[in-house]
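The structure appears right after this line, and notes come after that.
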Amino acid sequence: MLPPDAAPQILYVQLSSTTPRAGDVLTVTVLTSSNVASVELRVGGYGSGMTKTDVGHFTMTSTVPRLPFFMSHNLNLQVIARNTAGTAIEQDVALQVH
C-alpha cells in the first residue's frame, strides 16, 4: 500500500477492443496503485469518471457513438489517474472507430 501523497501509477489498461464499431459496447478496465482515488477517461474533449470497484481497480462500460464522416476516426483515449492530493498521471491508448 502506497501512502496517499505518493505519485499515482497506472499499472494496466485493458479495452475490450481498440477497433470498435459504432454501437459496440466497449469495456475498459484500469488497474492502478493503491493510492489512486479516481480515474477519468477522455476522448475528443469528452470526459467521464470510472467506477472504483476495489482498491486500485476501476471499470467502465459505454456504447461507442456514431462519428460524423468528416471527423477523424483515429482517436486517443486518455486515461488519467489521480491521488487524493490531485496529482495526476496520464496514459494514452490509440482507438480506431469503424
Check: Whats the longest run of the chain with zero trypsin sites (Lys or Arg not before Pro) that are DSSP loop and have at most 16 other Cβ atoms within 10 Å?
Finding: 22-65
Check: residue 8: net charge of surrounding residues, Cβ under 14 Å, Lys/Arg +1, Asp/Glu -1, itself excluded?
Finding: -1
Check: Which of these, 74, 83, 35, has the largest mean-square fluctuation under a Gaussian network model of the chain (Cα springs below 10 Å)?
Finding: 74
Next item on the list: May I ask for the longest run of the chain untouched by chymotrypsin sites (Phe, Trp or Tyr not before Pro) that are loop-located per DSSP and have at most 11 neighbouring C-beta atoms (other than their own) within 10 Å?
Entry: 1-68
Next item on the list: Return the FRET efficiency for the residue pair residue 5, residue 91: r is the Cβ-Cβ distance, R0 is 22 Å, and the value is rounded to the nearest 0.05.
Entry: 0.60
Next item on the list: Give the relative contact order (percent, whole number) for the chain; include only Cα pairs under 8 Å separated by 6+ residues.
Entry: 34
Notebook entry, point to check: Which net charge results for the neighbourhood of residue 41, defined as the other residues with beta-carbon distances under 12 angstrom from its beta-carbon, given Lys and Arg at +1 and Asp and Glu at -1?
Noted result: -2
Next item on the list: Determine by what factor the alpha-carbon radius of gyration of the chain differs from 2.2 N^0.38 Å, reporting the quotient.
Entry: 1.12
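Throughout, read-outs are computed from the coordinates displayed, never taken from laboratory work. Everything quoted here is computed from the prediction, not taken from an experiment. All Cβ positions, even for glycine, are placed from backbone atoms using ideal geometry, and neighbour counts span all protein chains on display.
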